[in-house]
Amino acid sequence: MKFLLPLYSCALVVFTVSASNHIELPEYHFIELQEVLKQVEDHAPIFKEQKESIEIAKANTLFAKSAEGSKININLRGQSIHEDRPDQPYRGRKEFYGSIIIRKPLFHWGALRAQSRISLIQEAIALNNLNHFLDELKVNVRSSYLDLFVLSKQVKIARSSLQNAEENFTKVKGKSKLGLSSDIIVKNENIELLKQKILLEDINRSLESAKKSFIQLTGWNGPLTFEENNNSFESLQLDHTFGESLPVLLTTHSSRITRQINHEINVEKNRLTIAKSGLKPKVNLISAFFQDQVPLADDSFTRNNALVGLEVNWAIWDSSKSRAEKLKSFANKRILELSLERESRSFRLEIENMRSQLDSLAKRVEMTRQLVVLSEKKLSISKTELESDRITPSQFMEAQMALNRSKIQRLQSVCDYIKMRNRYEALITTSYE
């Protein structure tokens, strides 16, 4: 859902696009995540609530514009009159009157037009905020999905480790019966088995809790399989070079907050116009048709009247209300201008900080890849030593677990980089025109 701003252009961010930009998007690798992102706008409960703010803003715009338009009032009146006149018989009669009054503002020193502009700006701010909220929601959906994916991998590894622990315990127990293994080794293997069961239970609980939070966030009602497109995410972990395809800024840019502050500055300018008009005469056009009763000595008759004229309303003194409003608008405008300068500096620092974090995360990915390679070599050596009875099954299992932990660290590093990259792009790119 992308809205177009009806007012005020904003600075755009231009960046180079490469194929790896798409590769580093999580939905490129998971079809079900693509489906979740497509439907999040219509199904996410929290976004449905936010969309109602647009209707309120539109209603406020209509309300403000109505002050510039014509007002038509129709009045119909029926009455029964009973008269007791001196020296005349008691009489009763029924009368019906009608009137139509049209009032059109002609000249209010720009106050009504300024109020309409304020409502349009506020509607634009609401649209901006809704688009920003949707972008943030999608960023959070991607991050939550990747967290779930990591947890699902941890569950698979924990199950595999539990199976290995059960096999080791069975082997050691069998050797113990033959007198080939001591009781302490059996106890150690039993302890490792219980540890793996506890670990698997903890990870399963975390995964189920995270799934419920994801469903609440997105409104997704389908299964979550985490199925990859031809193991593309696995390939990304192994050989993709991170940190080389970051967007390169080519023009000046502005954050959502700076754009909003600019809008609010324009609001204060229009409020100043309204305040200045407070003690000036307001001119309206009046047109009316009405009926009245003309009494006669012995009777009466209904008269039809039509008029067209000007109405002038002039507030001479308002106990410094207009002056206070002008001072307030001047002060608010100055505060916003100072906030704009501060936010521009803060936004630049935030971008630089995120780029630095992305560089660091890219290095971390490379280090975790090296850690996996070393852990694989260690496991290979441990397997040989286990076959030669130079280490215990527990020590061999520790090597297996070290390899599993290093793989999870590698996966977590890749996911952390992608999440930060996604948040970085959401920060510097604009959804508005």
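The values are calculated or read from the model by the stated rules, or taken from the named source; none is laboratory data. These numbers come from a predicted model, not from an experiment. Here the Cβ is made from the backbone with ideal geometry for all residues, glycine too, and neighbour counts use every protein chain on show.
If only one of Leu336, Leu379 is surrounded by 13 or more Cβ atoms within 10 Å (Cβ to Cβ), in a helix (DSSP H, G or I) and within 34 Å of the chain's Cα centre (by Cα), which one is it? From the options Leu336, Leu379, the qualifying one is Leu336. Scanning segment 155-189 for residues that are touching a residue at least 60 places away in the same chain (Cβ under 8 Å), more than 30 Å from Phe226 (Cβ to Cβ) and surrounded by 15 or more Cβ atoms within 10 Å (Cβ to Cβ) yields Val172, Ile185, Asn188, Glu189. Return a yes/no flag: does segment 219-231 have any residue that is assigned to a helix (DSSP H, G or I), modelled with pLDDT of 90 or more and either out of contact with any Cys (no Cβ under 6 Å at 6 or more places or on another chain) or not aliphatic (A, V, I, L, M) (or both). Scanning segment 219-231 turns up no residue that is assigned to a helix (DSSP H, G or I), modelled with pLDDT of 90 or more and either out of contact with any Cys (no Cβ under 6 Å at 6 or more places or on another chain) or not aliphatic (A, V, I, L, M) (or both). Listed by first and then second residue, the pairs with beta-carbon distance under 7 Å, at least 6 apart or on different chains, first residue in segment 261-282 and within 10 Å of Lys326 (Cα to Cα), second surrounded by 20 or more Cβ atoms within 10 Å (Cβ to Cβ) and β-branched (Val, Ile, Thr), are Arg271/Ile118. Can you confirm whether segment 300-318 contains a residue that is part of a strand (DSSP E or B) and of a type in the set (Ser, Thr, Tyr)? The answer is yes, given that some residue of segment 300-318 is part of a strand (DSSP E or B) and of a type in the set (Ser, Thr, Tyr). Of everything in segment 242-265, what is more than 18 Å from Asn131 (Cα to Cα) and either surrounded by 12 or more Cβ atoms within 10 Å (Cβ to Cβ) or modelled with pLDDT of 90 or more (or both)? Give them in sequence order. Result: Phe242, Gly243, Ser245, Leu246, Pro247, Leu249, Ile265. Candidates in segment 190-235 are the residues that are within 30 Å of Glu166 (Cα to Cα), in contact with a helix residue (DSSP H, G or I) (Cβ under 7 Å, 6 or more places away or on another chain) and small (Gly, Ala, Ser); of these, the one that is surrounded by the most Cβ atoms within 10 Å (Cβ to Cβ) is Ala210. Once segment 382-409 is narrowed to residues that are in a helix (DSSP H, G or I) and of a type in the set (A, V, I, L, M, F, W, C), the residue that is surrounded by the most Cβ atoms within 10 Å (Cβ to Cβ) is Met397.
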